[in-house]
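Peer 1: Here it is: the structure, laid out below.
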């Protein structure tokens, strides 16, 4: 019994020591015309290695990082993490902590991370014509663009001082579907058009974010369009007149373009490891 307890205690101490051992690496940076990145806070323990990858998108397009397509080259073996995809909005930045589970990583002084899963998705795809949509709806509850976008009305608020309509928008194509919210307008009986006011650009809480909605095949997302009180008094009272939503060129299709594989070296940081 005493021998069993001694063995159990010894294994416990060994496991604890593995849990406490940490190996730190230097930060790594890279920059080109489309993006800049920093690979920071890289650390290995016995059971895993991880780092924070921050990407700054310098383009008017989307960048999408797929960690499952990136490669950790450690001790002659190639592996990939299972972290979620990271979508970087146009002209903005975002980050993701990437983690690779394993064993004995606290003895790995240097290794290579190959960022081979980064894609560029253009916001300038081919426009698809959509039907005009009346408020309140007349014949259909669906605003449709070609055979790939189907926006079904969910809720409608139509008051004198405010009109707000929410759609469930489905993209069923084989490419990437884009909806540019800034191109949606509402037309009054007098022919005047007014832009959608439910935009990120008008909301301090979402400053810097795009007004594009990006959808992959089979994906559905709720989208809200909104307009405030119209000038003109009773003649433009939104609770009493018919309104028509015009999509213009808001619905487009585009494709993703894979960027080249980028090897990034993680090197032992002597200064951090002595602290």
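The values are calculated or read from the model by the stated rules, or taken from the named source; none is laboratory data. Bear in mind the structure is a predicted one, so any value in this text is a computation, not a measurement. In this analysis, Cβ positions are derived from the backbone assuming ideal geometry, glycine residues included, and neighbour counts consider all displayed protein chains.
Peer 1: Please enumerate the residues belonging to segment 50-81 that are free of Cβ contacts under 8 Å to residues at least 24 places away in the same chain and surrounded by fewer than 17 Cβ atoms within 10 Å (Cβ to Cβ).
Peer 2: Listed by number, the residues that qualify are 76, 77, 78, 79.
Peer 1: Identify all residues within segment 244-275 that are farther than 30 Å from residue 188 by Cα and in contact with a helix residue (DSSP H, G or I) (Cβ under 9 Å, 6 or more places away or on another chain); write none if there are none.
Peer 2: 258
Peer 1: Of these, 170, 159, 188, which one is in contact with a helix residue (DSSP H, G or I) (Cβ under 7 Å, 6 or more places away or on another chain) and assigned by TED's automatic domain parsing to the domain that holds residue 236?
Peer 2: From the options 170, 159, 188, the qualifying one is 188.
Peer 1: Continuing with this model, one more query. Of the conditions (1) assigned to a loop (DSSP other than H, G, I, E, B); (2) loosely packed, with under 15 Cβ neighbours inside 10 Å; (3) free of Cβ contacts under 8 Å to residues at least 40 places away in the same chain, residue 155 clears all except one; give me its number.
Peer 2: The failed condition is (1).
Peer 1: Those residues that are closer than 19 Å to residue 266 by Cβ and part of a loop (DSSP other than H, G, I, E, B), I need them from segment 74-91; list them, please.
Peer 2: Result: 75, 76, 80, 81, 83.
Peer 1: Within segment 50-68, identify whether any single residue is touching a helix residue (DSSP H, G or I) at 6+ places or on another chain (Cβ under 8 Å) and part of a strand (DSSP E or B), and answer yes or no. Break it down stepwise before answering.
Peer 2: Going residue by residue through segment 50-68, those that are touching a helix residue (DSSP H, G or I) at 6+ places or on another chain (Cβ under 8 Å) are none.
Checked segment 50-68: no residue is touching a helix residue (DSSP H, G or I) at 6+ places or on another chain (Cβ under 8 Å) and part of a strand (DSSP E or B).
Peer 1: Quick one: residue 121 ticks every box in (1) touching a strand residue (DSSP E or B) at 6+ places or on another chain (Cβ under 8 Å); (2) more than 16 Å from residue 223 (Cα to Cα); (3) at pLDDT below 95 except a single one, so which number is it?
Peer 2: (3)
Peer 1: Can you name every residue in segment 233-274 that is surrounded by 12 or more Cβ atoms within 10 Å (Cβ to Cβ) and over 36 Å from the mean Cα position of the chain (by Cα)?
Peer 2: 235, 236, 237, 241, 242
Peer 1: Filter segment 82-112 for residues that are surrounded by 13 or more Cβ atoms within 10 Å (Cβ to Cβ) and free of Cβ contacts under 8 Å to residues at least 40 places away in the same chain; which is farthest from the chain's Cα centre (by Cα)?
Peer 2: So, considering only residues that are surrounded by 13 or more Cβ atoms within 10 Å (Cβ to Cβ) and free of Cβ contacts under 8 Å to residues at least 40 places away in the same chain, the one farthest from the chain's Cα centre (by Cα) is 83.
Peer 1: May I pose another question? Can you tell me which residues in segment 6-43 are exposed (fewer than 12 other Cβ atoms within 10 Å of the Cβ) and either modelled with pLDDT of 95 or more or not assigned by TED's automatic domain parsing to the domain that holds residue 56 (or both)?
Peer 2: 29, 31, 32, 33
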